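Comments concern the structure below.
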Amino acid sequence: MTKEELKIVFFGTPEFAVESLRRLVEGGYNVVAVVTMPDKPAGRGHHLYESDVKKYAVSKGIRVLQPEKLKDEAFVETLRSLRADLQIVIAFRMLPEVVWAMPRLGTFNLHASLLPKYRGAAPINRAVMNGDTETGITTFFLKHEIDTGDVIQQRSVPIGRQDNVGDVHDRLMTLGADMVLETVDAIIAGTVKAIPQEEMLTAGEDPTPAPKIFKEDCHIRWTDSTEAVYNQIRGLSPYPAAWTQFVGPDGKRFDVKIYATSEPIFRAEAVPGRMTTTITRLLIDCADGALKIESLQLAGKKRMDTDAFLRGFSLEGFHAE
């Protein structure tokens, strides 16, 4: 079977999935339909938001399916009628077995980590937040438990000391698109030798979880070490962004997102949350030193560099919590 004959149904929602879909379409692979999230109201005007995957699919005239429930009988029958040989899942919700077991060649997922490390919804964030110096991309066949299927292909990439999650996301998005095409080609050629993840763990080692990011995960704890806070901030930048509160001498509080800092500055007499300012410079103490804030955003305002922020906002007497 050739790539033009192989019928593919693609599941995905955000920008991360679009690059792989684009490469499949432009590479002449036979994508017969795309499954993505239903349109949802967004913004102040509650205009319907279309997923990035849907926008691309519509622009290329590809059929789009947007089921509310993946076990809905009408959706399942529609999917069955497409007679797909293979399904590809990238940054989509968990599929029921009736869906992932449908194609004769199976369903594979592209995951942004070196499985079995960082199973879960936020693998890129968690790797950077934990200060890892390496991550990667994995394709694997779906099975019952999330992110546990047999590994088809895997490739690692370094995480630079100053990389934020956006930098790593973009690197993995491009690398992942390459691997999706390589995986499809290997499936067509019949050369895949998938490896159970259990065989990839050393004795006594457990898989690493990568749970979804919640608001509390983004709240900066200035009582942590400078290294921990530095990694937290870059592991959440640019989205969803780490946040803190600037507390004034009168007790008034302002929510502030922190997007970038300098490397940690170590000093012996740090007072967590203490601010040290000049006309253009803002330092905030952690447990064992301080971080120079480079980019931030006051609630309701635009993101800006710290020197621009300090020209319009006095922090005399403030501290961070």
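The values are calculated or read from the model by the stated rules, or taken from the named source; none is laboratory data. Everything numeric here is computed off the predicted structure, so don't read it as measured data. Positions of Cβ are backbone-derived with ideal geometry, glycine not excepted, and every protein chain shown enters the neighbour counts. When the accessible area is computed, the model is the full protein with side chains, heavy atoms only, and any ligands, DNA or RNA have been set aside. Shrake-Rupley method; radii C 1.70, N 1.55, O 1.52, S 1.80 Å.
In the stretch 148-155, is there at least one residue being at pLDDT 95 or above, within 21 Å of the chain's Cα centre (by Cα) and among the small types (Gly, Ala, Ser)? Checking the stretch 148-155: at least one residue is at pLDDT 95 or above, within 21 Å of the chain's Cα centre (by Cα) and among the small types (Gly, Ala, Ser).
Does Phe246 satisfy the criteria of being open to solvent by less than 20 Å² (accessible area, probe 1.4 Å) and assigned to a helix (DSSP H, G or I)? Judged against the criteria, Phe246 is not a match. Restricting the stretch 130-151 to residues that are open to solvent by 30 Å² or more (accessible area, probe 1.4 Å) and among the aliphatic types (A, V, I, L, M), which is farthest from Ala101 (Cα to Cα)? Only one residue fits best here, namely Ile146. Number of residues in the stretch 34-51 that are open to solvent by less than 50 Å² (accessible area, probe 1.4 Å), of a type outside the set (S, T, N, Q) and under 19 Å from Ser20 (Cβ atoms): the value is 3.
Mind listing just one residue for me: the one in the stretch 180-189 that is buried (at least 19 other Cβ atoms within 10 Å of the Cβ) and more than 9 Å from Ser20 (Cα to Cα) and, of those, farthest from the chain's Cα centre (by Cα)? So that I can check it myself, show each step before the final result.
In the first step, residues of the stretch 180-189 are kept if they are buried (at least 19 other Cβ atoms within 10 Å of the Cβ); the result is 180, 183-184, 187.
Retained after the next criterion (residues that are more than 9 Å from Ser20 (Cα to Cα)): 183-184, 187.
Values: Thr183: 21, Val184: 23, Ile187: 26 Å.
Of everything passing the filter in the stretch 180-189, Ile187 is farthest from the chain's Cα centre (by Cα).
Please specify each residue of the stretch 220-230 satisfying the condition of being surrounded by 21 or more Cβ atoms within 10 Å (Cβ to Cβ), part of a helix (DSSP H, G or I) and either aliphatic (A, V, I, L, M) or under 20 Å from the mean Cα position of the chain (by Cα) (or both).
Start the filter on the stretch 220-230 by keeping residues that are surrounded by 21 or more Cβ atoms within 10 Å (Cβ to Cβ), which leaves 220, 222, 226, 229-230.
Restricting the remaining residues to those that are part of a helix (DSSP H, G or I) gives 226, 229-230.
Within the stretch 220-230, Val229, Tyr230 qualify.
Hey, any hits in the stretch 58-81 for a residue that's among the hydroxyl-bearing types (Ser, Thr, Tyr), under 27 Å from the mean Cα position of the chain (by Cα) and either at pLDDT below 95 or surrounded by 13 or more Cβ atoms within 10 Å (Cβ to Cβ) (or both)? Talk me through it step by step, then tell me what you get.
At the first step, the residues of the stretch 58-81 found to be among the hydroxyl-bearing types (Ser, Thr, Tyr) are 59, 78, 81.
From what's left, under 27 Å from the mean Cα position of the chain (by Cα): 59.
Going one step further and asking which of them are either at pLDDT below 95 or surrounded by 13 or more Cβ atoms within 10 Å (Cβ to Cβ) (or both), we end up with none.
Looking for residues that are among the hydroxyl-bearing types (Ser, Thr, Tyr), under 27 Å from the mean Cα position of the chain (by Cα) and either at pLDDT below 95 or surrounded by 13 or more Cβ atoms within 10 Å (Cβ to Cβ) (or both), one finds none in the stretch 58-81, hence no.
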